[in-house]
Amino acid sequence: MAASLKQYRKLLQLLRPFISHRNLSTSPVVSAYWNKDWKAAALPKTPKERAEAAKKYGLRVEDYETYEDDGSGYGDYPKLPIVSGDARDANVDWDIPEMKRNFNEPLHIDADMYGEDRCNPDLKLRYSYTTMLLYLGTFMATVIGVYWWSVKYPRFLPVMPKQYPFNDLYLEKGGSPANEKTIKHYTFEPAD
Amino acid sequence: MGNMMYAYVTNPDTVPDYNAPPTFDPLQGFPNGRKERVINVTREELDKANIDLNRRDYCVDLYYNFMKCRRIDGIFAESCQHIKHDHDKCEFDDYVLRMKEFEREKRMKERAKRLMQKSQAEALTD
């Protein structure tokens, strides 16, 4: 039995998940296989049904509350408080730190909406919306005000308009030959 | 920036209108007159060569020569580059002349203002 230690280690490696890890098949919440198994059951009516449903979702009966049965409700799915990923403490030793979630923790019905990268209804703003609007309004008013003020003072280079031959291209620009005036342009050299 | 300071802060009354031609007599201060600006092509030649309107400034004769050279020697011919350079130089000098006209207009306006102030002061002392 020279290889017995090696074989024992291999066996331990195989059994390890069943010894030390909980996995999906041991969870009471997600013991489902097919789509219909994921569907929530009908709304519980009697206290016994309520207790069973609460146990199914891993909740205490006191904490178990359902959505209203208004025709578009969610059956016996629990109505959980919204705690978004952003609002959860990052320093807690979560089972799934990437999602700040514990194993077997019941999910909010809209959990996909309250991830860390999604919205956070409990967000505390650094500045109120009034202050933000005031700041934005002040900035925009300043920019637009400076623009309107500066329209009266165009920037220009110190040059006169360009001179063109043939009486400033009078005929070329569509003037009538009867009204053509003679426009002379001069260099800065003296005539003789 | 100095131009903007002059136009809007220090001397807004004597700054020339950069959108209009000069207002003073162009021959004032030139006892023998000034040389006129001329071009060495006619309107018919330009029309025949189909030269664009925005090329028909006082350098259009050089542009005309350049186009002619290109037609004869080939479109990117090295032999035409001197004529092209002449045309570029002419456009540069045209811009300098516009700057000089601005400066002349500015100084004439300042002079007119000075003369008016002087005559007003004399009228007060009389």
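No lab work stands behind these numbers, since they all come straight from the coordinates. Fair warning: this is a prediction, and the values are worked out from it, not measured in the lab. Every residue, glycine among them, receives a Cβ derived from its backbone with ideal geometry; neighbour counts consider all protein chains shown.
So the values come out like this:
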quantity	calculated
Which listed pairs, of A:LYS152/A:LYS181; A:LYS36/A:LYS79; A:LYS6/A:LYS100; A:LYS173/B:LYS48, have C-alpha distances above 28 Å, in listed order	A:LYS152/A:LYS181; A:LYS6/A:LYS100
Loop-located chymotrypsin sites (Phe, Trp or Tyr not before Pro) in region A:80-154, at most 16 other Cβ atoms within 10 Å (DSSP)	A:TRP94, A:PHE103, A:TYR127
Computed P(r) (all Cα pairs; region A:42-130; 10 Å bins; percent)	15, 37, 31, 14, 3, 0
Crossing angle, helix A:129-150 versus chain A [Cα axis fit, 0-90 degrees, rounded to tens]	10 degrees
Modelled label reach - A:ILE183, point 7 Å along Cα→Cβ, region B:18-58 residues with backbone N closer than 17 Å	B:18-27, B:36-39, B:43, B:53-58
Sum of -39500 (n - 2.57) over DSSP H runs of 4+, divided by residues of the protein assembly as shown (222 nm, nearest 500)	-13000 deg cm²/dmol
Histogram of C-alpha separations across the protein assembly as shown, 20 Å bin width, %	17, 25, 13, 15, 23, 7, 0
Solitary cysteines of the protein assembly as shown, where the nearest other Cys Cβ is not under 4.7 Å	A:CYS119
Estimated vicinal HN-Hα couplings, Hz - region B:39-54 in sequence order (Karplus 6.51, -1.76, 1.60; Gly, Pro = x)	10, 9, 10, 9, 4, 5, 4, 5, 5, 5, 7, 6, 6, 4, 5, 6
Sorted by Cβ neighbour density within 10 Å, fewest at the top, the residues A:TYR64, A:TYR74, A:TYR33, A:TYR186	A:TYR33, A:TYR74, A:TYR186, A:TYR64
Pairwise label distance in nanometres, A:LEU171 with A:LEU107, each label 7 Å out on the Cα-Cβ vector	8.5 nm
q = 0.11, 0.14, 0.18 Å⁻¹: log10 I(q)/I(0) that the Debye formula gives for region B:2-125, counting C-alpha atoms only	-0.60, -0.81, -1.04
Amide hydrogen neighbours beyond the local backbone of A:TYR186, cut-off 5 Å, H modeled	B:ARG37
Charge dipole (region A:77-192, unit charges on Cβ, about Cα centre) - positive-most of A:MET132, A:ASN91, A:PRO158	A:PRO158
Karplus 3J(HN,Hα) series, Hz, for region A:76-91 with 6.51 cos²θ - 1.76 cosθ + 1.60 (x for Gly, Pro)	8, 5, x, 8, 9, x, 7, 10, 6, x, 5, 7, 7, 6, 6, 8
Distance between region A:97-166 and region B:65-117 - C-alpha centres, whole angstrom	48 Å
Top positive-direction residue, dipole computed over region B:2-125 with Cβ charges, set B:CYS69, B:TYR18, B:HIS87	B:TYR18
